[in-house]
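Read through the structure below, which is laid out as structure tokens, and then see the notes.
The values are calculated or read from the model by the stated rules, or taken from the named source; none is laboratory data. These figures come from a predicted structure and were not determined experimentally. Because the Cβ atoms are built from the backbone with ideal geometry, glycine has one as well, and the counts that use them run over all protein chains shown. With ligands, DNA and RNA removed, areas are computed over all heavy atoms of the protein, side chains included. Shrake-Rupley method; radii C 1.70, N 1.55, O 1.52, S 1.80 Å.
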Amino acid sequence: MVAKGKGILAADESSGTCETRFRSINTACTEESRRTYRGLLFTTPGMEQFISGVILYDETIRQKTNEGVLFPDHLAKNGVLPGIKVDTGAKSLALCPGEKVTEGLDGLRERLAAYFKLGARFAKWRAVITIGAGIPTHTCLYANAHALARYAALCQEASIVPMIEPEVLLDGDHTIERCEEVSEATLRATYAALAAHNVSFEHTILKASMVVSGKNCARQAGVDEVAERTVRVLKRTVPAAQPGVVFLSGGQSDVSATAHLNAMASMKGLPWPLTFSYSRALQNPALNTWKGQNGNIAAAQRAFHHRAHMNGLAAQGKWKADLEKQAA
């Protein structure tokens, strides 16, 4: 999952999220259009050179390629690990205004067994942490950490690798200093809960947020500062036993997400490999090229391949901005 020069494609958007993205390209969001779009990503020639795994959605793990092959089987045949999103979404946390807790633990043991039979070999659970006036609270951090730990334990019981995703949201006008503080507190709570639930750190993957300025903050930190603060937080909180860390893009632009990853991967003496698990930052060029038209599939695949290639280089600290000009 964290092989050198490879990362993970997050293609686990809900139907509602897909509808929003498809609306931006004036395309109807149907089960068939979603299958077609995701199929073009999964069947991109050479994508396995840069993509080690794909996070699927419940609908997608049951869908097939144009040739009638189940998506998980197609991916596995090409050396790409199929994964699955298993949480049921973030809901308002009682007595904690403005904060959320992720649900989905009920029936998870049975769902994991079914997903394993469908080919899933890793899973993902996303918690969301909002920065604002007086938040996040201790209650929110530990409610989400507890849920992540219970999920992870159930995954390991089912022989599925748990991807732990405590996302600190980009939204807000908070400073990068405040983001660093919250990110550290979030990861401390998460790893304490994982230990309390006997989760094996050696058999998990962390999907982490980068430490960045809030989207509406007047001062936007530069690439080197983002890299320095993010790695500092990870070194303070993530055990060396962790096999690897993948980053979410969290609403950053395509190139910014690549540049930040490249800066961190270039650092010496890291105890774990760093790579990517992007959704929009991998998919945006492909989606905007496709526009819902079958005649654009080949061009959309080239756009996706380029973005995956750029991030594969960034995961090795080998990306340079002028390489972006090579996009087809």
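So which residues in the range 140-178 are surrounded by 23 or more Cβ atoms within 10 Å (Cβ to Cβ), within 18 Å of residue 246 (Cα to Cα) and out of contact with any helix residue (DSSP H, G or I) (no Cβ under 7 Å at 6 or more places or on another chain)?
Hits for the range 140-178 are 163, 165.
Please verify whether residue 236 is within 28 Å of residue 201 (Cα to Cα), modelled with pLDDT of 95 or more and exposed (fewer than 15 other Cβ atoms within 10 Å of the Cβ), treating the condition exactly as stated.
It is true that residue 236 is within 28 Å of residue 201 (Cα to Cα), modelled with pLDDT of 95 or more and exposed (fewer than 15 other Cβ atoms within 10 Å of the Cβ).
Could you grab the pairs with beta carbons closer than 9 Å, sequence gap of 6+ or different chains, first residue in the range 278-302 and touching a residue at least 60 places away in the same chain (Cβ under 8 Å) and in a loop (DSSP other than H, G, I, E, B), second one open to solvent by 30 Å² or more (accessible area, probe 1.4 Å) and aliphatic (A, V, I, L, M)?
292/28
For the range 200-211, does any single residue satisfy the condition of being buried (at least 20 other Cβ atoms within 10 Å of the Cβ) and of a type in the set (Gly, Ala, Ser)?
Yes; the residues of the range 200-211 include at least one that is buried (at least 20 other Cβ atoms within 10 Å of the Cβ) and of a type in the set (Gly, Ala, Ser).
Please go through the range 248-259 and pick out each residue that is without any contact (Cβ under 8 Å) to a residue 60 or more places away in the chain, surrounded by 24 or more Cβ atoms within 10 Å (Cβ to Cβ) and under 17 Å from residue 318 (Cα atoms).
Scanning the range 248-259 gives a single hit, 257.
Filter the range 268-284 down to the residues that are more than 15 Å from residue 42 (Cβ to Cβ) and surrounded by fewer than 22 Cβ atoms within 10 Å (Cβ to Cβ) and list them by number.
Selection gives 268, 269, 270, 271, 272, 273, 280, 284.
Scan the range 104-130 residue by residue and report those that are in a loop (DSSP other than H, G, I, E, B) and either in contact (Cβ under 8 Å) with a residue 24 or more places away in the chain or open to solvent by less than 10 Å² (accessible area, probe 1.4 Å) (or both).
Passing the criteria: 104, 105, 118, 119, 120, 121, 130.
Read through the list (1) within 16 Å of the chain's Cα centre (by Cα); (2) under 21 Å from residue 195 (Cβ atoms); (3) of a type in the set (Lys, Arg), then give the number of the only condition that residue 85 fails.
All conditions are met except number (2).
Evaluate the range 220-228: report whether one residue or more is open to solvent by less than 10 Å² (accessible area, probe 1.4 Å), closer than 25 Å to residue 100 by Cα and aliphatic (A, V, I, L, M).
No, that holds for no residue.
Which one is nearest to the chain's Cα centre (by Cα), of the residues in the range 303-322 that are over 26 Å from residue 37 (Cα atoms) and part of a helix (DSSP H, G or I)?
Only one residue tops the list, namely 321.
Please work out if residue 86 is of a type in the set (A, V, I, L, M), free of Cβ contacts under 8 Å to residues at least 60 places away in the same chain and touching a strand residue (DSSP E or B) at 6+ places or on another chain (Cβ under 9 Å).
Taking the combined requirement at face value, the residue does not satisfy it.
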